[in-house]
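The values are calculated or read from the model by the stated rules, or taken from the named source; none is laboratory data. Since the model is a prediction, treat every value here as computed from it, not as a measurement. Note: accessible area is taken over every heavy atom of the protein model, side chains too, but ligands, DNA and RNA are not part of it. Shrake-Rupley method; radii C 1.70, N 1.55, O 1.52, S 1.80 Å.
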Amino acid sequence: MTIPDGVQIIGLGEATHNNGEFQSVRLDVFKVLVEKYGVRTFVLEEDFANSELMNRYLSGEDIELQEAWEKWFPFYHTQEMAELF
(Lines give C-alpha, C1' and ligand atoms only; values in the text may rest on other atoms or scores of the structure.)
Protein backbone atom coordinates (compact mmCIF):
# COMPACT_ATOMS: atom_id res chain seq x y z
CA MET A 1 0.00 0.00 0.00
CA THR A 2 1.35 3.41 -0.97
CA ILE A 3 -0.02 6.77 0.14
CA PRO A 4 0.98 9.67 -2.14
CA ASP A 5 2.81 12.62 -0.61
CA GLY A 6 0.55 15.41 0.58
CA VAL A 7 -2.51 13.24 1.24
CA GLN A 8 -4.24 14.43 4.40
CA ILE A 9 -7.48 12.44 4.37
CA ILE A 10 -7.84 8.74 3.59
CA GLY A 11 -11.31 7.21 3.21
CA LEU A 12 -11.95 3.54 3.78
CA GLY A 13 -15.46 2.25 3.22
CA GLU A 14 -17.08 -1.14 3.42
CA ALA A 15 -19.89 -2.77 1.48
CA THR A 16 -21.53 -4.33 4.51
CA HIS A 17 -21.47 -4.15 8.29
CA ASN A 18 -20.69 -7.04 10.63
CA ASN A 19 -18.50 -8.83 8.11
CA GLY A 20 -15.38 -10.36 9.62
CA GLU A 21 -13.40 -10.18 6.38
CA PHE A 22 -13.94 -6.42 6.01
CA GLN A 23 -13.04 -5.82 9.64
CA SER A 24 -9.90 -7.92 9.27
CA VAL A 25 -8.82 -5.95 6.18
CA ARG A 26 -9.63 -2.66 7.93
CA LEU A 27 -7.44 -3.69 10.87
CA ASP A 28 -4.58 -4.61 8.52
CA VAL A 29 -4.89 -1.30 6.64
CA PHE A 30 -5.04 0.73 9.87
CA LYS A 31 -1.92 -1.04 11.17
CA VAL A 32 -0.01 -0.12 8.00
CA LEU A 33 -1.24 3.48 8.21
CA VAL A 34 -0.04 3.77 11.81
CA GLU A 35 3.23 1.88 11.50
CA LYS A 36 4.38 3.04 8.06
CA TYR A 37 2.76 6.46 7.68
CA GLY A 38 2.39 7.68 11.28
CA VAL A 39 -1.38 8.16 11.07
CA ARG A 40 -2.80 8.88 14.51
CA THR A 41 -6.42 9.85 13.85
CA PHE A 42 -9.28 7.64 12.68
CA VAL A 43 -12.93 8.45 12.27
CA LEU A 44 -15.52 5.69 12.48
CA GLU A 45 -19.29 5.75 12.06
CA GLU A 46 -20.78 6.00 15.56
CA ASP A 47 -22.93 8.22 17.77
CA PHE A 48 -21.09 11.26 19.16
CA ALA A 49 -21.56 10.41 22.86
CA ASN A 50 -20.27 6.86 22.38
CA SER A 51 -17.34 8.11 20.33
CA GLU A 52 -16.45 10.70 22.94
CA LEU A 53 -16.19 8.02 25.64
CA MET A 54 -13.98 5.85 23.40
CA ASN A 55 -11.80 8.86 22.62
CA ARG A 56 -11.33 9.44 26.35
CA TYR A 57 -10.33 5.77 26.77
CA LEU A 58 -7.86 6.02 23.87
CA SER A 59 -6.45 9.24 25.32
CA GLY A 60 -5.47 7.41 28.49
CA GLU A 61 -8.27 8.22 30.90
CA ASP A 62 -9.02 5.62 33.56
CA ILE A 63 -11.84 3.97 31.59
CA GLU A 64 -12.10 0.27 30.79
CA LEU A 65 -12.30 -0.65 27.09
CA GLN A 66 -15.48 -2.65 27.73
CA GLU A 67 -17.14 0.42 29.28
CA ALA A 68 -16.20 2.60 26.31
CA TRP A 69 -17.16 -0.06 23.78
CA GLU A 70 -20.37 -1.61 25.13
CA LYS A 71 -22.71 1.06 23.70
CA TRP A 72 -21.11 1.12 20.25
CA PHE A 73 -22.99 -0.22 17.25
CA PRO A 74 -23.07 -4.03 17.55
CA PHE A 75 -21.28 -4.54 14.24
CA TYR A 76 -18.13 -3.18 15.89
CA HIS A 77 -18.18 -5.88 18.58
CA THR A 78 -15.58 -8.12 16.97
CA GLN A 79 -12.09 -9.33 17.85
CA GLU A 80 -10.64 -7.22 15.02
CA MET A 81 -12.13 -4.02 16.43
CA ALA A 82 -10.97 -4.95 19.94
CA GLU A 83 -7.44 -5.28 18.52
CA LEU A 84 -7.78 -1.91 16.79
CA PHE A 85 -8.88 -0.17 19.98
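Counting just the residues of the range 14-39 that are open to solvent by 70 Å² or more (accessible area, probe 1.4 Å) and not in a helix (DSSP H, G or I), which one comes out farthest from GLU83 (Cα to Cα)? Give the steps one after another, and end with the answer.
First, the residues of the range 14-39 that are open to solvent by 70 Å² or more (accessible area, probe 1.4 Å): 15, 17-18, 21-22, 25, 28, 31, 35-37.
Next, only the ones that are not in a helix (DSSP H, G or I) stay: 15, 17-18.
Numbers: ALA15: 21, HIS17: 17, ASN18: 16 Å.
Within the range 14-39, the match that is farthest from GLU83 (Cα to Cα) is ALA15.
Collect the residues in the range 40-52 that are hydrophobic (A, V, I, L, M, F, W, C), open to solvent by 70 Å² or more (accessible area, probe 1.4 Å) and assigned to a loop (DSSP other than H, G, I, E, B), keeping them in residue-number order.
Within the range 40-52, PHE42, VAL43 qualify.
For ALA68, only one of the following conditions fails: (1) under 21 Å from THR16 (Cα atoms); (2) part of a helix (DSSP H, G or I). What is its number?
(1)
Starting from residues that are open to solvent by 70 Å² or more (accessible area, probe 1.4 Å) and not in a loop (DSSP other than H, G, I, E, B), keep the ones in the range 53-65 and report whichever is farthest from GLN79 (Cα to Cα). Reasoning before the result, please.
Going residue by residue through the range 53-65, those that are open to solvent by 70 Å² or more (accessible area, probe 1.4 Å) are 55-56, 58-59, 61-62, 64.
Filter once more, keeping what is not in a loop (DSSP other than H, G, I, E, B): 55-56, 58.
Values: ASN55: 19, ARG56: 21, LEU58: 17 Å.
Per the criteria, the residue is ARG56.
Just give me the residues in the range 1-13 being open to solvent by less than 80 Å² (accessible area, probe 1.4 Å) and modelled with pLDDT of 80 or more, in sequence order. Before you say what the answer is, go through the steps one by one.
Within the range 1-13, the first condition is being open to solvent by less than 80 Å² (accessible area, probe 1.4 Å), and the residues that meet it are 3, 6-7, 11, 13.
Hits for the range 1-13 are ILE3, GLY6, VAL7, GLY11.
Check PHE75 against each of (1) in a helix (DSSP H, G or I); (2) open to solvent by 60 Å² or more (accessible area, probe 1.4 Å) and name the one condition it does not meet.
(2)
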